[in-house]
Structure formats: C-alpha cells, structure tokens
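Encoded as structure tokens, here's the structure I'll be asking about.
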Amino acid sequence: MGKRIVVNAGLTETRVAVQEGNLLTDLYLERRRQRSIVGSVYKGVVTNVLPGMQAAFVDIGLHKDAFLYAGDYTTNLGDYARTMLGGDDDDADADVDVEELEARREVTAPIEDLLRKGQEVLVQVSKESLGTKGARVTSFISLPGRYIVYMPQTHHIGVSRRIRDERERDRLRAALRALQLPAGGYILRTNAEGRGEAEFGADVEFLGRLWSRIQARFEQAQAPAALHEEGDLTFRVVRDLFSPDIDELIVDAKEVYDRCLGYVEALVPALAERVRLHEDRQPVFEAFGIEKDIEKALRRRVWLKSGGYIVIDHTEALVSIDVNTGKYVGKRDFEQTVLKINLEAVGEIVRQIRLRDLGGLIIIDFIDMERGEHREQVYKAVKKALAEDKARTNVLEISELGLVEMTRKRVRQDLRSLLSVSCPTCKGSGVVKADATLAAEIFRAVRAKVAGAEEANGRDVVVRVHPDVARYLEGDGQEGLERLAATLERKITVQALQPHADREGYEIRLRGAGGGPQ
C-alpha cells in the first residue's frame, strides 16, 4: 500500500496530509500567526516558584508564562543523565529514545533549592500551550537532525526502537562511533536505517554548530529571548516524514514546491524526483479525497465498513471511544460477530486517534467479549496498530468489561481544538433546551414581567423568540399560550427573531394601549 504526503499551502495556513493508500492517517496544520513552538529554545526568566506544586513559571516572551516542573530541570543534566543510564561507557549504547529518557527522569532536589525568582534559565518547549495552560518547557535540550537527535547534556548513544533488526542496530552504533563526536548524547532516528558515516557526519556537524550558536546567544541575549526556532511545517515534514517509504510528496503552490524541493535536495537528494507540483484546477485536498476525511474527523460518529460504528466523546478528564454493532448482525455465532466488529474497530480507532491527535487519557469501550482468547486477540491488535504511532503510548490489558485504558502523549492541540470552537448556543455541551422547556420558561418570565409592572403600564404582551420556538408556540404550545393569556387577561403576541438569533434567547415587552412598547 503506497504512502504519500500532500501539502496544501493556503494564504493563512498550511496543511499537510499523510495518506496510506487512499486513507488519511495524519494531518498537520500550521497557521501563519500561530506557528508551532515545540522544539524552540529560549532564554527565560523565572517569574514564580511554587514549592507546593514542585514547579516554576518561566517568562519566555509569550503571552502566557511557561510551566517548568522540577523533574524537567536540574542544574547538571549531563551528570544526572549519565548516572541514570548506568554511569560508565559500557552503558552508552542503552536502547532509549528522547521520550523514554524524559519519562525516567526524577527530581533530585526540591524546586525551591534549584530555582529562584529572577533566575535566567535555558529551556526548550516540550508541549504547546493547551487551553488555559501555558507551554510546558524543559531544560533537557534535544536537537533533531535528519538522522540523529543530539542531546548535549547526556552521554550515551541510543537507537530508535522502531529499528528492530539487531545487526542493523549494531551497525548504526558502530558507524556513529567511528565519527569524531562532540560531547553529548545521540539518538539514531528511524530515518537512519540503511545510512552510514557520511550522512551521520553531516548531521553531527550541523547539530554541533547549532548547539554552539545557542550557547553563544544565551550568553549575549537579554531574557526573555528566542535562541533557536524550529523550522516551518514544510521543513519539519521533509526532515521528519519524507523517507524512502513515501512514494510522492505533492505540493499545490509553486513557491512552496520550490522551497520543499530545496529542502529535499539538501537533506535527501535521492528522493528529489518524488517531489511533484500539483497543477490541476481541482484543489489538491479534494483531488485526493482528503477534505472528506477531515470532515469525518470532526464528527462524533464514525461508521465502519461492516455497518458497525464508533462514537468519540471528549470530556474534561478523558476521551471515550465506544464501539457499537450498528447495522452489522453477523451470520451465526454471536461471539464471532462481536470479535469481527471489535477487530475492525481497532484499525479505525487507532487511525482516528492519530488523525485527530488525541492525547491524555483515552478509554476504549469494546463490545463485551466472554472468551478470554478473544479479548487477548483484540488487545494484541491494539498494540500492533499503535506500533506505527509516533507519539508515546501506554496501553493496559483489556478488562473483563471490555475496556481498554491507554494514555497518549499530548504535545499540541488536538484536531478538534484546532479546527473548531465551542458552539455559542449550547456552550459546548452538545445539547440545547427543548421547545417545550423554553416555552414553559417563557411563560414563567411573562408572568413575572406582568406582575412587576404597574396596572397602567400596558395591556398587551409581545414575546419575541427564535423562529423554531415561535413555530412551537403557534402549534403544540398554542394551548398553553392561550391559557396564559386568559389567566393574565392580556393579549399575547408572538414575533419571530432573525434565524441567526440565539435559539434560547427571547425578549418580553409590554405594549400600552397606544401600541408603543413599555
């Protein structure tokens, strides 16, 4: 099944889609005024230290102060990381990656002993600002190249866990060790597979110069200041995603195509012929069916080919994914029917998790399975499908109730947060008041309005409501409206507001004998 990368360069935003066959698996978006800052390095100033949370706020020049946990800061990360990894050169080829190293880091001292207000610190953004939270930063610097990640404050060589062949892993370590390496730690990325000293040497030289520039700027710059900013989305895509298993890289704008081609010729010249300019009149995302997949990724319900479906709900604490049989009824064995739906759902669930960039705690509610071997089969399918996910995940075994609990590292906003805002009518709840509920509320408000007015203030009541509610009051709600008018001994007139008005909004006015509102 072929893979392609499609770049849609718009006037205000750039979108990058990754397809496997004709299925959209990943979507990246960057707006001109909201470029990602993950990976950027700053000289910051500590604005507040919170011993109770073992964290500190750091001003790095953004509209919100960044958040630095004690576990993400230490005065001598190089010595600490070396001790953590074993303390000597024999452990220098430990099979760890950047994220695993971060996960294993521990607090060596209370935050109040490490940092003080006004202190200048060198930090790197590890997570975007999400919701009301500022960006999360770390003093554990990691600089990615095409084939290598350079970590100046550690002393080990690691290999991506996605490279599973032991002989290839040994060969890669040997090739990197053959070079004259600046002090620090190195992780060989998945792209390094099949490469050698020449490619690694160019990466080492480039990353070494970059680290030197960052250090020099730290000494000279006045905090807060940006010392190094990650490249734009198209550069990151070429560096991190464009590999031999990608059949084509399609770009729909000449200027961006030229820039992408330049990146490719500099980083992976052997793949330059796979870069193509989309010149058809039909928009590139429509031509490859990507727009439809994006639209589906914003829906709550996603249908499976068999007729089953999954439902994805967001809450404050977690994301829940529910699997349902839907229209699929199977043939003979109910347990086989359930197993088939659950296995089919696994692939779509993982695709949606990646596509929507869901993070944090995720609960998957599979259809109940009585047989233990079926639960094990579904669990293994989930683990296998998640193996292709670049984000770090942790999955617990499927429970007796058919639940899978998992976590996925959250780095940036999920797709729903990027592409949508809370509905101004329902305020994000997903529901609005029923017509009958609104009618009863309006009747109570009318009684209160009339009771609070002096006898001479008016005899007629004008109720202005959303057109949907007006139709209800003229239909099913008419009897109640007539009873209210009789009780108050006043004429009640219903008027429709504009269709775009708040559905739950309404106005109540008293009209005097002369016809004017009161």
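The values are calculated or read from the model by the stated rules, or taken from the named source; none is laboratory data. Treat the numbers as computed from the prediction; the structure is a model and nothing was measured. Every residue, glycine as well, gets a Cβ built from its backbone with ideal geometry; the counts of neighbours run over all protein chains shown. Heavy atoms of the whole protein, side chains included, go into the accessibility calculation; ligands, DNA and RNA do not. Shrake-Rupley method; radii C 1.70, N 1.55, O 1.52, S 1.80 Å.
For a quick check of your reading: which strands (runs of 3 or more DSSP E) sit entirely within segment 329-428 and have at least 1 residues that are over 30 Å from Ser126 (Cα atoms)?
Numbers: elements: 360-365, 393-395, 403-408.
Answer list for segment 329-428: 360-365, 403-408.
Turning to a different aspect of this structure: From Leu130, Leu188, grab the single residue that is open to solvent by less than 60 Å² (accessible area, probe 1.4 Å) and modelled with pLDDT of 90 or more.
Among Leu130, Leu188, only Leu188 is open to solvent by less than 60 Å² (accessible area, probe 1.4 Å) and modelled with pLDDT of 90 or more.
Of everything in segment 226-264, what is under 25 Å from Ser160 (Cβ atoms) and in a helix (DSSP H, G or I)? Give them in sequence order.
Leu233, Thr234, Phe235, Arg236, Val237, Val238, Arg239, Asp240, Cys260, Tyr263, Val264
Looking at segment 1-35, which of the residues that are under 26 Å from Leu143 (Cα atoms), among the charged types (D, E, K, R) and without any contact (Cβ under 8 Å) to a residue 24 or more places away in the chain is most open to solvent (accessible area, probe 1.4 Å)?
Result: Arg33.
Being open to solvent by less than 90 Å² (accessible area, probe 1.4 Å) and under 19 Å from Leu358 (Cβ atoms) is the filter here, so list the residues in segment 303-320 that pass it.
Kept after step one, since they are open to solvent by less than 90 Å² (accessible area, probe 1.4 Å), are these residues of segment 303-320: 304, 306-315, 317-320.
Correct list: Leu304, Tyr309, Ile310, Val311, Ile312, Asp313, His314, Thr315, Ala317, Leu318, Val319, Ser320.
Condition test on Ala470, is it more than 17 Å from Arg444 (Cβ to Cβ), of a type outside the set (Lys, Arg) and buried (at least 17 other Cβ atoms within 10 Å of the Cβ)? Steps first, please.
Numbers: more than 17 Å from Arg444 (Cβ to Cβ): yes; of a type outside the set (Lys, Arg): yes; buried (at least 17 other Cβ atoms within 10 Å of the Cβ): yes.
So Ala470 fits the description; yes.
Checking Ser306 against (1) of a type in the set (Ser, Thr, Tyr); (2) outside any loop (DSSP other than H, G, I, E, B); (3) at pLDDT below 90: exactly one of these is not met. Which one?
Here Ser306 meets the rest and fails (2).
Conditions: (1) farther than 20 Å from Ser243 by Cα; (2) free of Cβ contacts under 8 Å to residues at least 40 places away in the same chain; (3) part of a loop (DSSP other than H, G, I, E, B); (4) open to solvent by 50 Å² or more (accessible area, probe 1.4 Å). His155 meets all but one. Number of the miss?
So the condition that His155 fails would be (2).
Follow-up question, since we're still on this one. For segment 159-185, give me each residue that is closer than 23 Å to Lys384 by Cα, open to solvent by less than 20 Å² (accessible area, probe 1.4 Å) and not in a loop (DSSP other than H, G, I, E, B).
Once the filter is applied, which keeps residues that are closer than 23 Å to Lys384 by Cα, open to solvent by less than 20 Å² (accessible area, probe 1.4 Å) and not in a loop (DSSP other than H, G, I, E, B), segment 159-185 yields Val159, Arg169.
Find the residue count for segment 373-426, including only residues that are loosely packed, with under 14 Cβ neighbours inside 10 Å and hydrophobic (A, V, I, L, M, F, W, C).
Counting residues in segment 373-426 that are loosely packed, with under 14 Cβ neighbours inside 10 Å and hydrophobic (A, V, I, L, M, F, W, C) gives 6.
Could you grab me the full set of residues in segment 304-326 that are farther than 16 Å from Val338 by Cβ and among the small types (Gly, Ala, Ser)?
Scanning segment 304-326 gives Ala317, Ser320.
Okay, next question. Would you confirm, using the coordinates I've provided, whether Gly308 is closer than 18 Å to Leu23 by Cβ and out of contact with any helix residue (DSSP H, G or I) (no Cβ under 9 Å at 6 or more places or on another chain)?
So Gly308 does not fit the description; no.
Another question, then. Can Glu373 be described as under 24 Å from Tyr506 (Cβ atoms), of a type in the set (Asp, Glu) and without any contact (Cβ under 8 Å) to a residue 60 or more places away in the chain? Step through it out loud before you land on a result.
Values: under 24 Å from Tyr506 (Cβ atoms): no; of a type in the set (Asp, Glu): yes; without any contact (Cβ under 8 Å) to a residue 60 or more places away in the chain: yes.
Against the criterion (under 24 Å from Tyr506 (Cβ atoms), of a type in the set (Asp, Glu) and without any contact (Cβ under 8 Å) to a residue 60 or more places away in the chain), Glu373 does not qualify.
Among residues belonging to segment 51-69 that are hydrophobic (A, V, I, L, M, F, W, C) and surrounded by fewer than 18 Cβ atoms within 10 Å (Cβ to Cβ), point out the one that is farthest from Gly10 (Cα to Cα). Can you show your working first?
Going residue by residue through segment 51-69, those that are hydrophobic (A, V, I, L, M, F, W, C) are 53, 55-58, 60, 62, 66-68.
Checking the rest, the ones that are also surrounded by fewer than 18 Cβ atoms within 10 Å (Cβ to Cβ) come to 53, 62.
Details: Met53: 42, Leu62: 26 Å.
Looking at residues that are hydrophobic (A, V, I, L, M, F, W, C) and surrounded by fewer than 18 Cβ atoms within 10 Å (Cβ to Cβ), I get Met53.
Right, here's the next one. Among Val275, Val268, Val251, which is in contact with a strand residue (DSSP E or B) (Cβ under 6 Å, 6 or more places away or on another chain) and under 25 Å from Glu199 (Cα atoms)? It would help to see each step written out before you state the result.
Details: Val268 fails: in contact with a strand residue (DSSP E or B) (Cβ under 6 Å, 6 or more places away or on another chain); Val251 fails: under 25 Å from Glu199 (Cα atoms).
It is Val275.
Oh, and also: When you go through (1) among the hydrophobic types (A, V, I, L, M, F, W, C); (2) in a helix (DSSP H, G or I); (3) at pLDDT below 90; (4) over 21 Å from Thr14 (Cβ atoms) one by one for Ala223, which number turns out not to apply?
(2)
I've got another one for you. Restricting to segment 36-50, what's the tally of residues that are surrounded by fewer than 20 Cβ atoms within 10 Å (Cβ to Cβ), in contact with a helix residue (DSSP H, G or I) (Cβ under 8 Å, 6 or more places away or on another chain) and at pLDDT below 90?
Going through segment 36-50 one residue at a time, the tally reaches 0.
Tell me whether segment 238-248 contains one or more residues that are open to solvent by 20 Å² or more (accessible area, probe 1.4 Å) and over 28 Å from the mean Cα position of the chain (by Cα).
Taking every residue of segment 238-248 in turn, none turns out to be open to solvent by 20 Å² or more (accessible area, probe 1.4 Å) and over 28 Å from the mean Cα position of the chain (by Cα).
Something else: Filter segment 321-366 down to residues that are within 16 Å of Gly308 (Cβ to Cβ), in contact with a strand residue (DSSP E or B) (Cβ under 8 Å, 6 or more places away or on another chain) and open to solvent by 30 Å² or more (accessible area, probe 1.4 Å), then give me how many there are.
Matching residues across segment 321-366 total 6.
Going through segment 278-302 one residue at a time, which ones are surrounded by 15 or more Cβ atoms within 10 Å (Cβ to Cβ) and either in a strand (DSSP E or B) or not aromatic (Phe, Trp, Tyr) (or both)?
Residues of segment 278-302 that are surrounded by 15 or more Cβ atoms within 10 Å (Cβ to Cβ), as a first pass: 278, 284-285, 287-288, 290-291, 293-294, 297, 302.
His278, Val284, Ala287, Ile290, Glu291, Asp293, Ile294, Ala297, Val302 - these are the residues of segment 278-302 that are surrounded by 15 or more Cβ atoms within 10 Å (Cβ to Cβ) and either in a strand (DSSP E or B) or not aromatic (Phe, Trp, Tyr) (or both).
List every residue pair whose Cβ atoms lie under 7 Å apart, where the two residues are 6 or more positions apart in sequence or sit on different chains, the first residue falls within segment 194-223 and is within 16 Å of Ala174 (Cα to Cα), and the second residue, located anywhere, is open to solvent by less than 20 Å² (accessible area, probe 1.4 Å) and in a helix (DSSP H, G or I).
Gly196/Ala175; Glu197/Ala175; Phe200/Ala175; Phe200/Leu176
Can you pull out every residue in segment 7-54 that is of a type in the set (Phe, Trp, Tyr) and over 20 Å from the mean Cα position of the chain (by Cα)? Working first, answer last.
Of the residues in segment 7-54, the ones of a type in the set (Phe, Trp, Tyr) are 28, 42.
Selection gives Tyr42 alone.
For the structure I just gave you, tell me whether Gly452 is open to solvent by 30 Å² or more (accessible area, probe 1.4 Å), modelled with pLDDT under 85 and of a type outside the set (Ser, Thr, Tyr).
On the way: open to solvent by 30 Å² or more (accessible area, probe 1.4 Å): yes; modelled with pLDDT under 85: yes; of a type outside the set (Ser, Thr, Tyr): yes.
Yes.
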